[in-house]
Amino acid sequence: MTGNTRILLVEDDAGIATVIVSALEAEGYQVDRCAAIAARDELLAKNSYAAMLTDVMLEDGDGLSALGRVRQSYPALPIIVLSAQNTLDTAVRASENEAFEYFPKPFDLDELVRAVRQAAGVGADAVVGEQAGDGMPLVGRSVAMQDVFRMIARVLRNDLTVLVTGESGTGKELVAEAIHQLGHRKTGPFVAVNAAAIPHDLIESELFGHERGAFTGAATQAIGKFEQANGGTLFLDEIGDMPVEAQTRLLRALQSGRIRRVGGRQDVAIDVRIVTATNRDLAPMIAAGTFREDLYYRLAVVPIELPPLRERREDIGMLATHFMAQAAEEGLPRRGLTEEAIAGLAKLPWRGNVRELRNLVFRLAIMSREDVIDADVVSDIVARGGAFEWSREGSGDGADLTAPVQDWLTQTNPPDGAWHRMATAAFEKPLFEEVLLRTGGNQLRAAAVLGINRNTLRKRLTDLGINAEQFTTRG
């Protein structure tokens, strides 16, 4: 090993510091260790370091907040941030302070040593992001979500195209919004388009606009989403559902930085960052010729894959608490969850991912009579229609649904029509809630799934006391 081999470690946890020092010394580095900001500044003034590793929460303050003057005094010093505060905000703040790398705790020691080796060899070369605000909607302490946060932080100060993949309900639009709101285009517009929701014969007009008389019904000129997003970010959701013809025009726009309205003769220059998302596997679509391979490589310069909730179950408690607070902010009763209740939630299959969890938490806030909800209350509400998965993962014999009917049939003199009304209420309400859950609160789509008129659906929702708005979420 040649050159400067001196490393500064700023870490107030003696156990973690010992492990890091041992690993780095085994690699041939000389490590100075301190536990406070003041001591850090003294060591920096006395010695020259190849790299610095720093925790966020130190004995005498916030290590990240104090990095500004380090960066001013030592602009070429590579800084690696370590933190147990594993949030998107922390990752972005690390990026803002030009951190060479950010490692959430617990971290892989081999990866940390590798990062130190790279930092000491190449000097500071990090992407800088803007200051993040509090209350970011993307939350999670799992390793998978920390990887997502790190990827977001790395693309904030550039305009590389980003492809967000993941199952429905994992929060793909939230990633796009975070990239926009925390990035250098945050003062520009954020325009979202769902390719699956636009008829194929109208998608080009929707994206690129059209001139008057371009087609039947085009009575005036219309500005498309690309022009509306000029100076900001255009989010193209469900990109896998875009027809091939529109894919060709999209590819041309990405290559040239110009678009042409339908029926137009002149190109229009655009200045837009593109973020796309899909819950479909594009590889077989490319093989089948239904998705252009060259477009895929244009869109997936930076791929970000969102994990399904069942692969990040350690985040369920944090997410549930977050949604409970969100429910209270929206005027629902303020509730809490016991550890047993959270443990019960963590056992569900979560086919609807974070969106399903959010809807269930809101449902618990509405239906529970307890300020602190325990596991019994959760299982009871879920079994009565909160989420069909609980019953399937539980007894599996449908007893929770049929028991009320058996009770009613034992009544000797029920009023005329009572059995039908009670049975309808018992089965129709959870059915409607499940359909609304799966359609994201889209009443038109829910009515189609149920095979009824939209007005009929609205009336039944009112009769059953179902608030459809609580199921409306973003992907």
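Worth pointing out:
- Scanning region 295-318 for residues that are at pLDDT below 90 and of a type in the set (A, V, I, L, M) yields a single hit, 318.
- Residues that are modelled with pLDDT under 90, surrounded by fewer than 24 Cβ atoms within 10 Å (Cβ to Cβ) and not small (Gly, Ala, Ser) within region 167-185 comprise 181, 184, listed in sequence order.
- Residue count for region 1-38 satisfying the condition of being in contact with a strand residue (DSSP E or B) (Cβ under 8 Å, 6 or more places away or on another chain), aliphatic (A, V, I, L, M) and free of Cβ contacts under 8 Å to residues at least 24 places away in the same chain: 2.
- Helices (runs of 4 or more DSSP H) completely within region 300-378 that count 2 or more residues being more than 16 Å from the chain's Cα centre (by Cα), free of Cβ contacts under 8 Å to residues at least 24 places away in the same chain and outside the structural domain of residue 279 (by TED's automatic domain parsing): 316-329
- Test: residue 240 is part of a loop (DSSP other than H, G, I, E, B), farther than 13 Å from residue 268 by Cα and in contact (Cβ under 8 Å) with a residue 12 or more places away in the chain: no
- Residue 160 closer than 25 Å to residue 280 by Cα and either within 13 Å of the chain's Cα centre (by Cα) or in a helix (DSSP H, G or I) (or both): no
- Scanning region 451-463 for residues that are part of a helix (DSSP H, G or I) and at pLDDT below 80 returns 454, 455, 463.
For every residue, the table says whether it meets (1) touching a Gly at 6+ places or on another chain (Cβ under 9 Å); (2) at negative phi; (3) not in a helix (DSSP H, G or I).
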site: 179; (1), (2), (3): no, yes, no
site: 186; (1), (2), (3): yes, yes, yes
site: 191; (1), (2), (3): yes, yes, yes
site: 207; (1), (2), (3): yes, yes, no
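- Note on region 228-248: residues that are under 20 Å from residue 183 (Cβ atoms), crowded, with 18+ Cβ neighbours inside 10 Å and over 20 Å from the mean Cα position of the chain (by Cα) total 1.
- The criterion of at least 2 residues that are touching a Leu at 6+ places or on another chain (Cβ under 6 Å) and over 25 Å from residue 144 (Cβ atoms) is met by the following strands (runs of 3 or more DSSP E) wholly inside region 18-103: 30-34.
- Any pair with Cβ under 8 angstrom, 6 or more apart, that starts in region 63-89 at a residue that is within 23 Å of residue 318 (Cβ to Cβ) and ends at one that is part of a loop (DSSP other than H, G, I, E, B) and small (Gly, Ala, Ser): 81/63; 81/99; 86/140; 88/132; 89/132; 89/133
- Scanning region 250-272 turns up no residue that is crowded, with 19+ Cβ neighbours inside 10 Å, under 23 Å from the mean Cα position of the chain (by Cα) and under 23 Å from residue 168 (Cα atoms).
The values are calculated or read from the model by the stated rules, or taken from the named source; none is laboratory data. Only a predicted model underlies this, so the values are computations on that prediction, with no experimental measurement involved. Note: ideal-geometry Cβ built from the backbone for every residue, glycine included; neighbour counts use all protein chains shown.
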